[in-house]
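Heads up, the thing below is written out as structure tokens.
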Amino acid sequence: MSDAPGIEIRVLSTTEEFERAVELQREIWGFHELELLPVRFFVVAAGVGGQTFGAYDGDRMVGFLLAIPGLKPTGKLYLHSHMTGVLEPYRNRGVGRMLKLRQREDALARGFDLVEWTFDPLELKNAYFNIERLGAVVRRYVLNQYGTTSSHLHGGLPTDRCVAEWWIRSPRVEAAIGGRTPPRPPVEAAIEVPVAIARLRRENPREARRVQAQVSARFLELLGEGLVVIGFQRTPSAGVYLLGRWSPE
């Protein structure tokens, strides 16, 4: 994997490596102590079939990924990718993509076909990455999943989240990670999020919350009708989620 020259993805296994991943949580999200995933959680994840990867620039860890195995009510096994973070100077350089591709490689080798994670629908760059670059889809939406956190990145807003489904053996994902437009069915609806939401979070939290509430209501309405997020487009003024009918089978 050579997306980011000079960056190496390694499996994390020692206490010292896990401690550095905890420190990265402070640096990336600014979480208070009680909100940090502790070293012992990394130890447990590594010991029960989860994934603990670090992105290194030389000897310095500049990003990490943590996932744990999950079990659906139907009995289906999958990986829940709980946290992926990259230090600000290393963003937009392909480091996050390297971590996700290593995750997929490892998951395929162990027989998984589904990886899930949550993401903030107001983070438009991340949405584009998840849906168009990785080929994930969204069929579920959760209101205030983690409560209001201390992270400056969350802007004091409720943590409303899309649930990304990454069907790692699908033609859709193969196309996306190969740099091609993922195949998708006809678009039946769209949800627009204004680009200005990033500024509103900093300067006008009340207006940001109003926009968030409208976006969340629209997601719940359309996903409740059986539609699925199958694409994402960017315009000068908005990020646009595209929805249609889709099934992993």
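A few points about this structure:
- Rounded to the nearest 20, the size of the Cβ-charge dipole of the range 49-207 about its Cα centre is 200 debye, with Lys and Arg at +1 and Asp and Glu at -1.
- Note on semi-axes √(5λ) of the Cα gyration tensor in Å: of the candidates (i) 27, 23, 18; (ii) 25, 20, 17; (iii) 32, 26, 17, the value calculated from this structure sits at (i).
- Charge tally in the Cβ shell below 15 Å around residue 148, where Lys, Arg are +1 and Asp, Glu are -1, residue 148 excluded: +1
- Hz values of 3J(HN,Hα) by residue in the range 205-219 - Karplus curve (6.51, -1.76, 1.60), Gly and Pro given as x: x, 5, 5, 4, 5, 5, 5, 4, 4, 5, 4, 4, 4, 5, 4
- Gaussian network model of the chain, springs between alpha carbon atoms under 10 Å - residue of 95, 39, 229 with greatest fluctuation: 39
- Couplings 3J(HN,Hα) for the range 29-43, derived from phi with the Karplus relation 6.51 cos²θ - 1.76 cosθ + 1.60 (θ = phi - 60°), are 9, x, 5, 6, 4, 5, 9, 6, 6, x, 4, 5, 5, 5, 4 Hz, where x marks Gly and Pro.
- Distance between the range 2-43 and the range 210-241 - C-alpha centres, whole angstrom: 31
- Whole-Hz ³J(HN,Hα) from phi, Karplus 6.51 cos²θ - 1.76 cosθ + 1.60, for the range 103-111, glycine and proline x: 4, 4, 4, 5, 5, 4, 5, 9, x
- Charge dipole (the chain, unit charges on Cβ, about Cα centre) - positive-most of 186, 175, 45: 186
- Residues considered: 70, 54, 111. Largest GNM mean-square fluctuation over the chain, using C-alpha springs under 10 Å, is found at 111.
- Relative exposure of 98, 61, judged by other C-beta atoms within 10 Å (fewest first): 61, 98
Only the coordinates and a few stated rules stand behind these numbers; no lab work does. Predicted, not measured: the structure shown is a model, and the values here were computed from it. Cβ atoms come from the backbone with ideal geometry, glycine included; neighbour counts cover every protein chain shown.
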